[in-house]
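As structure tokens, the structure follows; a few thoughts come after it.
Only the coordinates and a few stated rules stand behind these numbers; no lab work does. Only a predicted model underlies this, so the values are computations on that prediction, with no experimental measurement involved. Heads up, the Cβs are rebuilt from the backbone with ideal geometry, glycines too, and the neighbour counts pull from every protein chain shown.
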């Protein structure tokens, strides 16, 4: 994002602790080309490094698309060996894998292929009523390669994930809600307000506690229960060592808002 001559395809704006990252190629339904991938990585790095930002909301420009996935024109026009393409795709697959702060996906319109895979990397998904979701790679002769086969099954269960992936079928917002793919469905005009309200609920809590609780869930989901409980216990010990673990109960007892000190 330092190249001022390159078209801006990802915008980052922040206000009172919440950053909004907007995928901005509406003329191609916010499909990802190489420039957009680089700019998304730069925007997330900027949000990660900024101590004033506590929560990030990711959305797509325009009412029609969160993201239609990878730009198939660029993909088809770039000759590359299978090994090289696999290595390249693996490097790009998880722009949020190590992101340390809560991320909310505000899904407006289509979330297809890598668009859905990106949303699946977020902590909470809010969808507009016109949102649709699909992993349709099998219809193009490939398979989901940005974590879709793994994260979708973990989120909605193996059977439902199998049906979506093997048929390439599109799921609407209401069915996505029933599946547990998204947490909220709201009218399009309320989408960003709902995402912002959720972000501010999170911001009201102790920052270190939020970070540790998020880490416990995200790391623990892939562990056997006994290992997950040990992880939880270790992270609880860290939380109990913060000033905020004393401030919270004191504020409650004194019937006042807490003044969080730990960062």
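Can you give me the Cα centroid spacing of the stretch 227-263 and the stretch 186-213 in angstrom? Each part's Cα centre sits 19 Å from the other's.
Report the percentage of all Cα-Cα pairs in the stretch 119-214 whose separation exceeds 24 Å, rounded to a whole percent.
On the way: 1426 of 4560 pairs.
When all Cα pairs of the stretch 119-214 are counted, 31 percent exceed 24 Å.
Once the gyration tensor of the Cα atoms in the stretch 207-253 is diagonalised, the equivalent ellipsoid follows with semi-axes of 24, 10, 8 Å, ordered largest first. Taking the Cα atoms of the stretch 1-41, the ratio Rg/Rh between the radius of gyration and the Kirkwood radius comes to 1.00. A Cα-only calculation for the stretch 10-203 places Rg and Dmax at 15.8, 47 Å.
Rounded to the nearest 10 degrees, the angle from helix 225-240 to the longest Cα principal axis of the chain is 50 degrees. Helix 207-220 and the longest principal axis of the C-alpha atoms of the chain enclose an angle of approximately 50°.
Which whole-number percentage describes the relative contact order of the stretch 116-158, with Cα contacts under 8 Å and a sequence gap of 6 or more? Mind showing how you got there, number by number?
Details: 20 pairs, mean separation 20.7, N = 43.
Once divided by the residue count of the stretch 116-158, the mean separation gives 48 percent.
Rounded to the nearest 500, what is the 222 nm mean residue ellipticity of the chain from helices alone, with -39500 (n - 2.57) per DSSP H run of 4+ residues and division by all residues?
Calculated from helices alone, the mean residue ellipticity at 222 nm is -13500 deg cm²/dmol.
The relative contact order of the stretch 10-203 comes to 20 percent, based on Cα pairs under 8 Å that sit 6 or more residues apart. The angle between the Cα long axis of helix 82-92 and the longest principal axis of the Cα atoms of the chain comes to about 30 degrees, rounded to the nearest 10. Listed peptides 116-123, 198-205, 218-225 appear in the order 116-123, 198-205, 218-225 once ranked by packing, highest mean of other Cβ atoms within 10 Å at the front.
If I take every Cα pair under 8 Å that is 6 or more residues apart in the stretch 151-204, average their sequence separation and divide by the length, what percent do I get for the relative contact order?
Details: 23 pairs, mean separation 12.9, N = 54.
Reported as a whole number, the value is 24 percent.
For the peptides 100-113, 17-30, 162-175, what is the packing order when you average, over each peptide's residues, the other Cβ atoms within 10 Å and list the highest mean first? Mind dumping the intermediate values first?
Values: 100-113: 24.6, 17-30: 20.1, 162-175: 16.1.
Highest mean packing first, the order is 100-113, 17-30, 162-175.
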